[in-house]
1. Just from its helices, what would the mean residue ellipticity at 222 nm be for the chain, if runs of 4 or more DSSP H residues each count -39500 (n - 2.57) and the sum is divided by every residue, rounded to the nearest 500 deg cm²/dmol?
2. Taking the Cα centre of region 138-182 as origin, sum charge times position over the Cβ atoms of Lys and Arg (+1) and Asp and Glu (-1), and report the length of that vector in debye to the nearest 20.
3. What percent does the relative contact order of region 1-143 come to when contacts are Cα pairs within less than 8 Å and at least six residues apart?
4. Under 20 Å between C-alpha atoms is the cut-off here; go through region 33-187 and count lysine pairs that meet it, provided they're at least eight residues apart or on different chains.
5. With the calculation restricted to Cα positions, what are the radius of gyration and Dmax of region 138-182 in angstrom?
6. Shape call for region 82-172 from the C-alpha gyration tensor, a ≥ b ≥ c root eigenvalues: rounded (a/c under 1.5), prolate (a/b greater than b/c) or oblate?
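Every read-out reported here was derived from the displayed coordinates using simple, explicitly stated rules and does not represent laboratory data. Computed from a prediction, not measured in an experiment: that's the story for all the values here. Glycine also receives a Cβ, built like all others from the backbone with ideal geometry; neighbour counts cover every protein chain displayed.
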Amino acid sequence: MSSNPFSTKFIRPGAIAYQCAPGKSIAYYADCFLSNGRRGQVVGPHGTGKSTFVIAFQKELATRGLDAHLITLHSFDKSELNNLLTLKPGSILILDGFEQLPFWRRFKIIHSTLWRNIGLLTTSHVSFGLPTLLETSVDLETTQNLVRTLTGSEPPENLESLLTKHNGNLREVFFDLYDECEGIKRQ
């Protein structure tokens, strides 16, 4: 193998298509979001696909001709958030990592987007009172399918124990699989 299939370039958010639950699709979630008055939240633990979901979600909204702005807060200068409130009415603001903001700023964003007719979708580890569009989690079958997609072969036998070890955090499972591919033993 010339390149490790678990390298960051292959597993970063958006590099792999979001795996929706059976019978659901990104289009389904977009319909739900729009019928909720363009308000919602995606809630789940670390490494369960929230960022991957919102990347696909923004693309779906763009295909519908909607003006959606995705801001990933862990890599964004939070002091510039005031500039986001210059968004035009009818646009949609997607904030990935909403829990990273202080209470007063979350409160201001929730209420100012509402009265300015700007849609709002957030991701976080806990609920902040918006309608829950999706609760993310990772199961063994999804993990196996993603590993097959990345490697083109059957997943290793220790996949279930890795998923248990990392409490369903797929990102951490991939880090361990990267190390295994490189022959590195993690302490």
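1. Values: 8 runs with 77 residues, N = 187.
My calculation for the chain gives -12000 deg cm²/dmol from helical runs alone.
2. Numbers: 3 positive and 10 negative charges, 32 e Å.
It works out to roughly 160 debye.
3. Values: 195 pairs, mean separation 47.9, N = 143.
Taking the mean separation of contacting Cα pairs over the length of region 1-143, I get 33 percent.
4. Values: Lys50/Lys59; Lys50/Lys78; Lys59/Lys88; Lys78/Lys88; Lys78/Lys108; Lys88/Lys108; Lys165/Lys185.
Going through region 33-187 pair by pair, I get 7.
5. 9.3, 25
6. Values: a/c = 3.61, a/b = 2.57, b/c = 1.40.
Judged from the Cα gyration tensor, region 82-172 comes out prolate (a/c at least 1.5, a/b above b/c).
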